[in-house]
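Trainee: Sharing a structure here in structure tokens format.
The values are calculated or read from the model by the stated rules, or taken from the named source; none is laboratory data. Everything numeric here is computed off the predicted structure, so don't read it as measured data. Heads up, the Cβs are rebuilt from the backbone with ideal geometry, glycines too, and the neighbour counts pull from every protein chain shown.
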Amino acid sequence: MPSEADRAERLLDAQAKAGHLFAAVESDGLLAPGRTELQVQHAIRDLAVDLLGVEKHWHKRIVRAGTNTLAPYDENPPDRVIDEDDIVFLDFGPVFEEWEADFGRTYVLGDDPHKHRLRDDLPKVFDEGKRHFQANAEITGEQLYAEVTRLSVQRGWEFGNYHCGHVVGEFPHVTPDQERTHNLLMPGSDKPLRRLDRDGKVTHWILEVHLVDRERGIGGFYEELLTV
């Protein structure tokens with residue numbers, strides 16, 4: 001069994017590889033107007049295989065553009081063609097040597113200042129949420145969700161999902177349905193986040209930020225590791 005330091009290092013390595021994949025998506029121009037979300041999703045899947053040897057993803061691969069960026073993970077909006085001035089977000093969970101990454105970023109194709117502000121606010125809310133986690137040793141999932149929601153509203157956005165993150169670790173991190181609330185950062189998740197899992201290992205978390213402006217029909221998404 002790997003040590004806790006080794007587990008953290010492997011999770012960070014998986015995240016770094018996911019970041020490398022997303023950088024290649026941007027540099028290769030895969031987020032091009034005229035392509036459908038599904039076409040881009042397939043292109044990123046193939047790039048992940050060619051670039052990093054990714055054989056599997058632990059959750060569905062998401063590419064969402066325009067009004068589809070309002071939809072949280074659990075929804076499945078119809079495939080949409082990307083427009084020239086769209087906002088687009090990606091949410092992928094590649095598995096690297098049985099270690100899960102979960103990485104989300106948002107891109108703006110045009111010059112709309114409101115969309116650029118939305119994109120730029122995502123990492124700010126993430127960083128502020130992570131600092132709040134680091135400053136509160138006994139924080140629970142529902143407390144962190146409340147703070148991330150507050151930070152989102154403070155910047156003029158609505159938070160777009162019923163949770164703001166989840167457990168991550170060795171693949172697969174499948175858990176019984178009755179424990180699902182406590183493996184998400186959401187109302188009702190009242191256990192301290194700094195705890196051991198049922199196998200006696202440190203529990204690691206992903207923090208997600210989904211900001212939306214329903215009046216303008218746009219949203220954005222950002223996620224990565226919270227605990228390391």
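Trainee: Which members of the range 37-50 meet the condition of being hydrophobic (A, V, I, L, M, F, W, C) and over 18 Å from the mean Cα position of the chain (by Cα)?
Mentor: First pass over the range 37-50, keeping only residues hydrophobic (A, V, I, L, M, F, W, C): 38, 40, 43-44, 47-49.
If the condition is that a residue be hydrophobic (A, V, I, L, M, F, W, C) and over 18 Å from the mean Cα position of the chain (by Cα), then 38, 43, 47, 49 are the ones that fit.
Trainee: Of everything in the range 62-97, what is out of contact with any Gly (no Cβ under 9 Å at 6 or more places or on another chain) and not in a strand (DSSP E or B)? Give them in sequence order.
Mentor: 73, 74, 75, 76, 77, 78, 79, 93, 97
Trainee: If you take the residues of the range 194-220 that are crowded, with 23+ Cβ neighbours inside 10 Å and in contact with a helix residue (DSSP H, G or I) (Cβ under 7 Å, 6 or more places away or on another chain), which of them is farthest from residue 100 (Cα to Cα)?
Mentor: 218
Trainee: Would you tally the residues in the range 121-165 being touching a residue at least 40 places away in the same chain (Cβ under 8 Å), under 11 Å from residue 193 (Cβ atoms) and not in a helix (DSSP H, G or I)?
Mentor: Adding up the residues that qualify gives 5.
Trainee: I'd like to check something: does the range 159-174 contain any residue that is at pLDDT below 95 and exposed (fewer than 15 other Cβ atoms within 10 Å of the Cβ)?
Mentor: yes
Trainee: Of everything in the range 61-80, what is of a type in the set (A, V, I, L, M) and touching a helix residue (DSSP H, G or I) at 6+ places or on another chain (Cβ under 7 Å)? Give them in sequence order. Can you show your working first?
Mentor: First pass over the range 61-80, keeping only residues of a type in the set (A, V, I, L, M): 62-63, 65, 70-71.
Answer for the range 61-80, where residues must be of a type in the set (A, V, I, L, M) and touching a helix residue (DSSP H, G or I) at 6+ places or on another chain (Cβ under 7 Å): 63, 65.
Trainee: If the requirement is being more than 18 Å from the chain's Cα centre (by Cα) and modelled with pLDDT under 95, which of these qualifies: 53, 34? Give the steps one after another, and end with the answer.
Mentor: On the way: 34 fails: modelled with pLDDT under 95.
Matching residue, one of 53, 34: 53.
Trainee: Residue 54 versus (1) among the β-branched types (Val, Ile, Thr); (2) free of Cβ contacts under 8 Å to residues at least 24 places away in the same chain; (3) touching a strand residue (DSSP E or B) at 6+ places or on another chain (Cβ under 7 Å): which is the lone unmet condition?
Mentor: For residue 54, the failing item is (2).
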